[in-house]
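> Questions regarding the structure given below will be posed in turn.
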Amino acid sequence: MRFPWTREADPYWDAFIQRDPFHPDNQVNNAIRAWPDGSVFPVKKDVHSPDVMSGHIKELARFLGAGITGIVRLPEGSEHPFGIVCAFQAEDDPAQARGHGGQAPVQNGLFVTFNLGAVIREMGYRATTKILVDAVQFAAAAGLGRLDGDGRLVTAQFGRKVHVADVVHTDLPLAPDGEAPA
Amino acid sequence: MALSIEPETPRKSSSVEFPIPDLGRTARIVGRVGNVDPQQLPHPQNMRGELGKALFNWMHSTISPDPLARVAFERHAADKNNVIRTTLMKAPKGQISPERVPVDDPAAMTRHIKRVARHLGADVIRIARSHPSFMYGGNPTDGLTTMGGDRPDGTPEDLVRRFPFVIVASKAWDYKLMQAHRHHIGDAAYDFTLERGNLLHSSIAGYVQDLGYHVLRGAMNPQAAALAAGAGELGRNGLIISEKFGPRIHLTDVIMTDLPLLPDKPIDLGVEDFCKVCRKCAVTCPTNSISFEGKQTYNGVEKYKIKWETCYKLRPYTVQYWAQCLTCATVCPYTKPNTWWRDLAIKSLQLTPIPLRPVVVRGLKWLDDRFWGTLPNKRVRWLDYDSGIKPGEKACTVAGCTASHGESQTTQAAGGSIGYYFPLKENTNRFTNRV
């Protein structure tokens with residue numbers, strides 16, 4: 001018997017979440033990730049203050065689809081002084097669930113970080129997602145959550161069901177929520 | 001936007017194999033329907049310079065002063081590598097899996113595809129049965145309605161036989177931001193949702209290919225498919241008015257497929273009855289592009305028809321201040337937050353017998369004018385944008401800020417809840433007179 005409020009069985013769902021795509025180009029994630037950064041707009045936009053700009057960046061990330069956003073200050077000597085970290089709700093761990101459904105949080109992350117980086121470049125500041133770092137460590141440093149014994153991020157909003165997108169490195173003046181690990 | 005262009009060759013709309021499709025109460029096929037050549041759509045016409053110098057320059061030589069618009073709207077980008085649409089258009093197309101997933105129960109597959117689309121971010125997802133009269137009469141090559149896909153050879157009938165079902169998926173614009181119509185804030189709501197929708201379509205199409213089935217994009221008029229699928233009804237403003245979001249949805253593309261699905265049916269939201277009485281979009285349209293009159297029969301379809309030429313020709317004059325007008329979508333009484341009282345209003349209209357609906361419509365219209373205004377002009381503050389500041393003027397938008405900002409931003413934005421709108425209506429008779 002099925003109650004009216006319960007979902008009918010979906011025989012295709014597990015494959016949608018778990019099964020690797022037949023061809024990698026059937027997912028657009030690789031294409032977005034590999035796309036070269038656009039150029040920086042020649043005229044810099046006025047920044048009221050790092051505090052205000054940080055609020056705007058977090059609001060923009062939320063509008064684009066990010067669950068939670070934090071900012072870290074990168075170690076001295078880094079090419080960019082700040083990193084923007086966005087986390088997304090992920091019912092299934094994208095590291096395990098390789099199907100289209102399992103990779104949906106990754107796609108959300110790519111959409112947000114691509115556009116965040118592009119907007120910052122169009123504001124006249126440098127921004128890139130091409131620098132590979134341990135995004136989960138950065139998320140913990142930005143105060144998005146804490147690391148459990150397995151090194152996984154646990155957030156107040158999503159618990160362990162969370163995906164951290166690539167970090168946006170930038171020289172846009174921001175007010176950091178924490179210090180990035182060296 | 002609703003764009004009705006000269007059809008290529010009129011065709012018989014009905015046959016034994018392809019009976020006249022039901023498009024609901026707001027649009028009806030009454031004659032021979034020609035397949036519209038996508039090269040005659042406004043953007044391709046403009047790209048060829050057929051709409052005049054001002055519009056040609058607007059499309060080819062204008063960089064938006066707004067950083068968000070330069071990212072979200074490729075026409076006015078400074079560098080197209082900063083626009084995700086460029087990525088999606090140039091992404092490799094993927095391949096169809098040779099191991100086709102068997103579909104014993106199309107109803108189960110339909111439920112699955114709808115669940116998949118919602119999981120990937122769709123706000124509206126419906127299925128239609130393909131029909132030759134929905135097809136474009138050529139291959140769009142400008143990349144606006146297709147993501148680089150080439151249309152296979154064959155007549156519209158052949159293609160409909162090969163791809164008998166249509167997946168209609170859409171994203172809704174942010175309600176709060178679109179209140180700032182004729183403003184960069186409204187542009188952001190519109191354009192980023194458009195990009196998100198493009199990503200959604202690419203994802204669904206890729207998944208269907210993984211199931212072992214073919215997809216075809218950019219080959220069909222999305223509005224016709226949306227009506228047949230029951231994604232909404234066609235309003236006086238030429239927009240598809242959806243059940244949950246009103247006209248604030250994007251219909252950039254649909255996905256034709258041979259995946260066995262169960263088509264939905266057209267819906268009745270009372271748009272037919274509402275648009276007869278309301279006319280709010282026609283009253284407020286800054287270019288007088290929306291008719292006060294009844295429906296027209298155009299290309300064999302009886303429907304409300306807007307004058308796209310005048311709607312389009314405003315753009316070069318306003319590009320410094322906004323890219324998309326959006327007034328007709330914002331003022332539509334169906335554009336409301338997705339709340340229980342909105343559902344209640346629509347349900348009450350649906351449950352009212354059709355002859356009595358004008359009475360209910362007048363009551364709902366009165367409520368709409370009373371609480372949202374005859375021309376909604378709510379002030380929206382978002383990021384460092386403020387629709388209460390006259391475009392072109394600079395003022396600090398940070399609440400409580402008393403700092404001196406030098407010459408560039410000299411004043412603190414004034415209080416109040418009313419947005420600033422150019423008195424366009426009085427100045428745009430030129431758009432009516434020239435067409």
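The values are calculated or read from the model by the stated rules, or taken from the named source; none is laboratory data. Owing to the predicted nature of the structure, the values given are computational and were not obtained by experimental measurement. All Cβ positions, glycine included, derive from the backbone under ideal geometry; neighbour counts span all protein chains shown.
> Suppose we keep only residues that are surrounded by fewer than 17 Cβ atoms within 10 Å (Cβ to Cβ) and in a loop (DSSP other than H, G, I, E, B) within the stretch B:377-395. Which one would you say is nearest to the other protein chains (Cβ to nearest Cβ)?
B:Lys394
> Condition test on A:Val136, is it surrounded by fewer than 23 Cβ atoms within 10 Å (Cβ to Cβ) and either part of a strand (DSSP E or B) or of a type in the set (Asp, Glu) (or both)? Full working, then the answer.
Numbers: surrounded by fewer than 23 Cβ atoms within 10 Å (Cβ to Cβ): yes; either part of a strand (DSSP E or B) or of a type in the set (Asp, Glu) (or both): no.
Spelling it out, it is not the case that A:Val136 is surrounded by fewer than 23 Cβ atoms within 10 Å (Cβ to Cβ) and either part of a strand (DSSP E or B) or of a type in the set (Asp, Glu) (or both).
> Something else: Where in the stretch B:143-238 are the helices (runs of 4 or more DSSP H), entirely inside, with at least 1 residues that are at pLDDT 90 or above and polar (S, T, N, Q)?
Those helices (runs of 4 or more DSSP H) span B:184-210, B:222-229.
> Taking the residues in the stretch B:6-23 that are crowded, with 19+ Cβ neighbours inside 10 Å and within 22 Å of B:Trp308 (Cβ to Cβ) as candidates, determine which candidate is modelled with the lowest pLDDT.
The extreme case among them is B:Pro7.
> Could I ask something else about it? Restricting to the stretch A:160-177, give me the number of residues that are among the small types (Gly, Ala, Ser) and either within 15 Å of the chain's Cα centre (by Cα) or modelled with pLDDT under 95 (or both).
Adding up the residues that qualify gives 1.
> Restricting the search to the stretch B:246-285, which residues are assigned to a loop (DSSP other than H, G, I, E, B) and touching a Phe, Trp or Tyr at 6+ places or on another chain (Cβ under 8 Å)?
Of the residues in the stretch B:246-285, the ones assigned to a loop (DSSP other than H, G, I, E, B) are B:247-248, B:250-254, B:258-270, B:278-279, B:285.
Across the stretch B:246-285, the qualifying residues are B:Pro247, B:Arg248, B:His250, B:Asp258, B:Leu259, B:Pro260, B:Leu261, B:Pro263, B:Leu269, B:Arg279.
> So if I check each of B:Trp341, B:Trp308, which one is in contact with a Pro (Cβ under 9 Å, 6 or more places away or on another chain) and either in contact (Cβ under 8 Å) with a residue 60 or more places away in the chain or surrounded by fewer than 17 Cβ atoms within 10 Å (Cβ to Cβ) (or both)?
So the residue among B:Trp341, B:Trp308 that is in contact with a Pro (Cβ under 9 Å, 6 or more places away or on another chain) and either in contact (Cβ under 8 Å) with a residue 60 or more places away in the chain or surrounded by fewer than 17 Cβ atoms within 10 Å (Cβ to Cβ) (or both) is B:Trp308.
> Now for a different question. Identify, please: which residue in the stretch B:84-100 is within 7 Å of chain A (Cβ to nearest Cβ) and of a type outside the set (Ser, Thr, Tyr) and is, among those, surrounded by the fewest Cβ atoms within 10 Å (Cβ to Cβ)?
My answer is B:Pro92.
> Here's something else I'd like to know. Spot the failing condition for B:Arg75; the list is (1) within 14 Å of chain A (Cβ to nearest Cβ); (2) in contact with a His (Cβ under 9 Å, 6 or more places away or on another chain); (3) basic (Lys, Arg), and only one is missed.
Here B:Arg75 meets the rest and fails (1).
> Just wondering, is there one or more residues in the stretch A:11-32 that are within 28 Å of A:Ala141 (Cβ to Cβ), touching a residue at least 12 places away in the same chain (Cβ under 8 Å) and more than 7 Å from chain B (Cβ to nearest Cβ)?
For the stretch A:11-32, residues within 28 Å of A:Ala141 (Cβ to Cβ), touching a residue at least 12 places away in the same chain (Cβ under 8 Å) and more than 7 Å from chain B (Cβ to nearest Cβ): present.
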